[in-house]
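Enquirer: Can you read through this structure? Questions will come right after.
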Amino acid sequence: MKPTINDYIKASFVERAEAEELKRKVIDNLHNQVADRITFSLPLVQINSYNVQSCIVQLDENEKNSYYNILDHSMLDFCEWFLLALEYNQPNLVVATYRELKRYICIANSDIQGAEFYQLTKVFYTDYELERENHSMSSGIQLSEKYEMMIRFHFLHEYGHYLINQPLRDYSSSVEILDIIVGALFNDMDNKRLDNPQFSPEQNDTLNKLKPKLLEYYRKEYAENTTFKEEVLCDFQAVLCLLELSNDYSPQMIIESAIMYLYVQYAIWLAKASENEPRIGEILHFRINFLFEFADFLNDKDIADSLAERLNRDNRYSSVKTTHCDAIDYMKYHRFYNALATTLFSEKKRKSESQKLDHTDGITPLDDIILI
């Protein structure tokens, strides 16, 4: 008997209570906006699980292929919390969110002991963080706008996978532009030190010794691994679609929202993979740095105007005036990255001490986390 979508969810997810009605309506509205833009949609199934994943799944129903767009609201919860921590520089909220995420993952894996280990008891806030939390210090833009842009990016990226693998559209022109930007990224990696201001001189030296190996790996993956390249192409296509809204939202805000979404996905990946052996070259590193490079391209007015002209050929919303992107504040991301790295290795040390075992010999934050 062929599985139904309900059978798939029961077998694959550990569900909690139903998602809040107001949140479901917000997601429905954003999904409808995306579907209107790409003139296509798959059935949207909203669940509230412990699995922290959202994706398009393919099932064989009634001897025909059926696709469903599953959105897990637990993933959106972590999007909101990590976004707040990133935007308002709240390192203690990074700790709390990471531990709660680990607890959910343990519950999904029926790891009761692990869930108890990651149970939060208290969260400490500094005066600075409380000021941010109370919104007495403004970031200059409503968090809800960035959050909603992150969700649009998510849907556009997932639909990108579906559309690329259907004989419906020709993406050759996008691939040509993509190759130019990626080539520039490789050149930047090759010619610049990859220093992170949050690292010690010794850590930065270690990072730069790893650079040739990292660069060789990325070049090979981009050239030979179609799945790797498809992930980057889906990001690129998603941002291009979002830039059609640049009369209402700044290009900087649009690209930063996509970068923030990938940072959240990176944090989720670390929570799921941190017990495994460290490895270099996680694709999320590359995707994040590609978007930073794309933002740098659009900091050039001529390039930005040229892209705006290209987007106007297909834009059904309005005539895009410019896609010029102001310089992005990298320090905000370095602070979040540093808080995430510190949290990860503090948790490893705490867990090894609780088990009276030490698995951290020779492991530094650079082994598990490498961002350019």
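The values are calculated or read from the model by the stated rules, or taken from the named source; none is laboratory data. Since this is a predicted model, take the numbers as computed values, not measurements. Cβ atoms come from the backbone with ideal geometry, glycine included; neighbour counts cover every protein chain shown. To get the accessible areas, we keep the full protein, side chains included, count just its heavy atoms, and leave off ligands, DNA and RNA. Shrake-Rupley method; radii C 1.70, N 1.55, O 1.52, S 1.80 Å.
Enquirer: Can you work out D for the stretch 65-121 in µm² s⁻¹ from Stokes-Einstein, where Rh is the Kirkwood radius over C-alpha pairs, the temperature is 25 °C and the viscosity is 0.890 mPa s?
Expert: My calculation gives 194 µm²/s for D.
Enquirer: So, one more: Strictly over 29 Å apart at the Cα level, which of 272/332; 25/332; 192/351; 220/332 would you flag in this model?
Expert: 25/332; 192/351; 220/332
Enquirer: If you take the beta carbon distance between residue 41 and residue 269 as r and set R0 to 30 Å, what does 1/(1 + (r/R0)^6) give as a FRET efficiency, to the nearest 0.05?
Expert: Efficiency at R0 = 30 Å is approximately 0.65.
Enquirer: Express in nm, to one decimal, how much length is gained between residue 349 and residue 213 on full extension, taking 0.36 nm for each residue of separation and deducting their alpha carbon distance.
Expert: Full-extension gain reported as 46.2 nm.
Enquirer: Please list, short to long, the whole-number percent of alpha-carbon pairs of the stretch 182-298 in consecutive 5 angstrom bins beginning at zero.
Expert: 2, 10, 18, 21, 23, 15, 8, 3, 1, 0
Enquirer: Follow-up question, since we're still on this one. Can you list which of the GluC sites (Glu not before Pro) found in the stretch 1-76 are DSSP loop residues with at most 16 other C-beta atoms within 10 Å?
Expert: 18, 20, 63
Enquirer: Determine, at each q value in 0.17, 0.19 (inverse angstroms), the log₁₀ of I(q)/I(0) that the Debye formula gives when each Cα of the stretch 11-102 is one equal point scatterer.
Expert: -0.87, -1.00
Enquirer: Continuing with this model, one more query. Between residue 6 and residue 110, with labels modelled 7 Å along Cα→Cβ, what's the label distance in nm to one decimal, could you check?
Expert: Roughly 2.3 nm, to one decimal.
Enquirer: Heavy atoms only, probe 1.4 Å: what % of the accessible area of the stretch 31-71 goes to carbon and sulfur, would you let me know?
Expert: Roughly 37 percent of what the probe reaches on the stretch 31-71 is carbon or sulfur.
Enquirer: Grab the Cα-Cα distance for residue 330 and residue 175, subtract it from 0.36 nm times how many residues apart they are, and report the gain in nm with one decimal.
Expert: Net length gain for the segment: 53.1 nm.
Enquirer: At a 10 angstrom cut-off on C-beta neighbours, averaged per residue, how do the peptides 144-150, 311-317, 26-32, 94-100 rank from highest to lowest?
Expert: Packing order, densest peptide first, comes out as 94-100, 144-150, 26-32, 311-317.
Enquirer: How do the peptides 241-254, 72-85 rank, highest first, by the average count of neighbouring beta carbon atoms within 10 Å per residue?
Expert: Sorting 241-254, 72-85 by mean packing, highest first, produces 72-85, 241-254.
Enquirer: Put +1 on the Cβ of every Lys and Arg and -1 on every Asp and Glu Cβ in the stretch 167-240; which of 226, 237, 174 then has its Cα farthest towards the positive end of the dipole?
Expert: Positive-most Cα among the choices belongs to 226.
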